[in-house]
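As structure tokens, the structure follows; a few thoughts come after it.
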């Protein structure tokens, strides 16, 4: 009789989500780095297009949690921002939500040959002039 391990640790995936730009990378570490760089770049481009007006300069960091579902769509799960960000940019969470929804579709993470949802935390530096 063969014992099959049915407990899957979904916090560790076999393959990270992949933007189409990253598919040519052979190694998992290279794909992960490409995913992170592409995610940062696309999110930054989208946030820079937002028309954000502030009364006082902000130079702070917010932490965001992004969920990539098992179909490859991204959504905002949580935002941990500072009082300065919340006061100066009251719609910051909504701006992030829209920017993340605009991310291009990607191949979802894979665990044991199954597409799975995965969650990522990243820092967003908020610097206004």
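Taken together, the values in this text are just the output of simple stated rules run on the coordinates, not laboratory data. Note that this is a predicted model, so its numbers are computed, not measured. With ideal geometry, Cβ positions are generated from the backbone for all residues, glycine too; neighbour counts draw on all protein chains shown.
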* Asked: Taking only Cα atoms, what is the 0 to 90° angle, nearest 10, from helix 28-49's long axis to the longest principal axis of the chain?
  -> 30
* Considering the values [x] 16.1; [y] 17.4; [z] 15.2, which represents Kirkwood radius over Cα pairs in Å as calculated for the structure under consideration? -> [x]
* Asked: Relative to the longest principal axis of the chain, what angle (0 to 90°, nearest 10) does the C-alpha long axis of helix 92-101 take?
  -> 40
* Taking the chain as a Gaussian network, Cα atoms linked when under 10 Å apart, which of 15, 82, 38 shows the biggest mean-square fluctuation? -> 82
* Figure the gain on full extension for residue 33 and residue 70 (residue separation times 0.36 nm, minus the Cα-Cα span) and round it to one decimal in nm. => 11.3 nm
* Structure fact -> Most exposed first, judged by fewest Cβ atoms within 10 angstrom, 34, 22 run 34, 22
* To do: Go ahead and estimate [θ] at 222 nm for the chain from helices alone: -39,500 (n - 2.57) per DSSP H run with n ≥ 4, summed, over the residue count, rounded to 500.
  => -9500 deg cm²/dmol
* Pull out the extension gain between residue 24 and residue 53, defined as 0.36 nm times the separation in residues minus the alpha carbon to alpha carbon distance; nm, one decimal. => 6.5 nm
* Exposure proxy ranking, count of Cβ atoms within 10 Å, fewest first, for 49, 117 -> 49, 117
